[in-house]
Amino acid sequence: MTTTTLTAPATLQTLIASELAPRVAAIDLEAYYPEPFLRAVGALGGFASVVAPEFGGSGKGLGEAIKTMAEIGESCLSTAFMHWCQTACARYIQLSDNAAAKRTWLPRLANGSLLGGTGLSNTCKSNCDIERYLLTARRVDGGYSVNGALPWVSNLGPDHIFVTGCPVEGDGRLVFFITRCDQAGFKLIDAAHFTALEGTRTLACQFREVFIADSEVLAPPEESARFLARIQPGMFLAQLGMGIGLIRDCARLIENVGKTHAHINRYETDQADELRAALAAAEQETFRLAARLDAKPTDDELPALLTEVLRIRLAGGELTLRAANAAMLHQGARGYLRTAAAQRRLREAYFVAIVTPSLKHLRRELARREGKLDH
Ligand SMILES: Cc1cc2nc3c(=O)[nH]c(=O)nc-3n(C[C@H](O)[C@H](O)[C@H](O)COP(=O)(O)OP(=O)(O)OC[C@H]3O[C@@H](n4cnc5c(N)ncnc54)[C@H](O)[C@@H]3O)c2cc1C
């Protein structure tokens, strides 16, 4: 887990071309964690949009974060996902009422000198009865003692932080808090290997009587339902940055192979211009909702906004799979080579479909909201 720093080129585009594009196969196949690139993105201000100017951010908002993520995702979905992890972590802290935590953590998350993640899959799934909670917190003097284990949290390392949330014993309501990966009782375990996303430093997180001081609590039980309602729409919506980037690249892959194979590929059901048209509609809805969320909706407006987010997150996830599948079919055997982009994009696309909220989670949650659950 060594770090080297880069002198960041002047623009994100040149940084991607010089530092990320040559390493996408290493990220995919050799579990190379692109830490220097991530830190350089931070130095360029690529994480700053979700952080207010008073805490070192640009305050440009969620839409800007999605744009940056999409630009990264055109080359590498793993790295776009880590951009999501970092900006989601910062955004949770930004949206909390904990002023001290904002002062402590946000400036460094915004400039990439501190890297962070989000361990909220289990929290979100348990909160809508898909699985059981894997962590529990017990109230102790000055904070909480946390026990349990999360199987998969990404963008972590010994000097990183992440946000998670779990129920409080004897209370039942949730507490959301920041965990430092170097704190006593906490352990990172490299336990799983994946079919893609190997370079994302996705590790298991073991908590044994980990003391979380009140100063690291983002939402105590009495505020946690409101906090979750505030963070969730943006958390889910922003994941579309990964999909948008990947779909753009898939359309390009289709176009490129069309230069020599149009005589046969023209009979494929999905063509580049059709995918681009569907993407344009999805982008329009994504950025419309991002602007609504940036405009600080009231608590009363959030449930309906979340439903709209779930719909576009589902449509965007489905379009991601469709585009990657089409790119693979258009590219044929050249796309099936071990380091070919098309097969990597196909494996990466499935991540958009399975990361929480997965497509199956989204379909169930939308059915629940429409009163169509079987039980
Ligand atoms: C590459 C990767 C990165 C991820 N990064 C994050 C992250 O940063 N933050 C976060 O909160 N979540 C993360 N997740 C979790 C993700 O969001 C989903 O919650 C997870 O993929 C399970 O979703 P599911 O719909 O398959 O769950 P389900 O359909 O409910 O099934 C999950 C199944 O996997 C089994 N399972 C759980 N852990 C393991 C394990 N270690 N080995 C084998 N089987 C297991 C469970 O028992 C269960 O049967 C990541 C997952 C992956 C694959």
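The values are calculated or read from the model by the stated rules, or taken from the named source; none is laboratory data. This one's a predicted model, so the numbers in the text were calculated from it and none came from an experiment. Reconstructed Cβ throughout: ideal geometry from the backbone, glycine too, with neighbour counts over all protein chains shown. Ligands, DNA and RNA are excluded from the accessible area calculation, which covers all protein heavy atoms including side chains. Shrake-Rupley method; radii C 1.70, N 1.55, O 1.52, S 1.80 Å.
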Helix 62-73 versus the longest principal axis of the chain: what is the Cα-based angle in degrees, 0 to 90, to the nearest 10? 50
Ratio Rg/Rh, restricted to the stretch 119-223 and using Cα atoms, in which Rh is the Kirkwood radius: 0.96
Given unit charges at Cβ for Lys, Arg (+) and Asp, Glu (-), the dipole magnitude of the chain about its Cα centre in debye, nearest 20, is 500
Using only the Cα atoms of the stretch 186-260, construct the convex hull and provide its projected area averaged over every direction, in square nanometres to one decimal. 8.2
With the contact rule set at Cα under 8 Å and sequence spacing of 6 or more, what percent relative contact order holds for the chain? 17
Extreme residue, positive dipole direction of the stretch 229-375, given options L319, M242, Y336 (C-beta unit charges): Y336
Trypsin sites (Lys or Arg not before Pro) restricted to DSSP loop in the stretch 252-289 with at most 10 other C-beta within 10 Å: R266
Using only DSSP helix segments of four residues or longer, with each worth -39500 (n - 2.57), what per-residue ellipticity at 222 nm results for the chain after dividing by its residue count and rounding to 500? -16500 deg cm²/dmol
Residue farthest toward the positive end of the dipole of the chain, with Cβ of Lys/Arg at +1 and Asp/Glu at -1: which of A40, T269, L197? T269
Using a 1.4 angstrom probe on the protein heavy atoms only, line up H83, H261 by accessible area, largest first. H261, H83
Using 0.36 nm per residue of separation minus the Cα-Cα distance, give me the extension gain between D273 and K187 in nm, one decimal. 26.2 nm
Springs between alpha-carbon pairs under 10 angstrom, Gaussian network model over the chain: which of A238, A304, A204 fluctuates most? A304
Please give, to one decimal in nm, the separation of the simple spin-label points placed at R363 and A204, each 7 Å out from Cα toward the Cβ. 3.0
For the chain, the Cα-Cα pair-distance distribution in 20 Å bins from 0, as whole percents, is 30, 59, 11, 0
With a sphere of radius 13 Å drawn around the Cβ of P36, what net charge do the other residues whose Cβ falls strictly inside it have (Lys, Arg +1; Asp, Glu -1)? 0
Among residues other than T356 whose Cβ falls under 15 Å from its Cβ, what is the net charge (Lys/Arg +1, Asp/Glu -1)? +3
Trypsin sites (Lys or Arg not before Pro), restricted to the stretch 71-155: which are DSSP loop and have at most 11 other Cβ atoms within 10 Å? R132
Contour excess over end-to-end distance, with Cα ends at K296 and L337 and 0.36 nm allotted per residue: 10.1 nm
Under 16 Å from the Cα of K102, which aspartates and glutamates turn up, not counting those fewer than eight places away in the same chain? E54, D214, E216
Roughly how many whole Å is it from the C-alpha centroid of the stretch 88-138 to that of the stretch 232-298? 28
The chain: angle of helix 240-265 to the longest principal axis, Cα-based, in degrees nearest 10: 10
Separation between the K372 and S58 pseudo-spin-labels, each 7 Å from Cα along Cα→Cβ, expressed in nm? 4.0
Taking the dipole of the stretch 55-185 about the Cα centre (Lys, Arg +1; Asp, Glu -1; charges at Cβ), the one of G116, T87, G143 that reaches farthest to the positive side is G143
Considering only the stretch 119-223, percent of DSSP beta bridges that pair antiparallel, nearest 5: 95
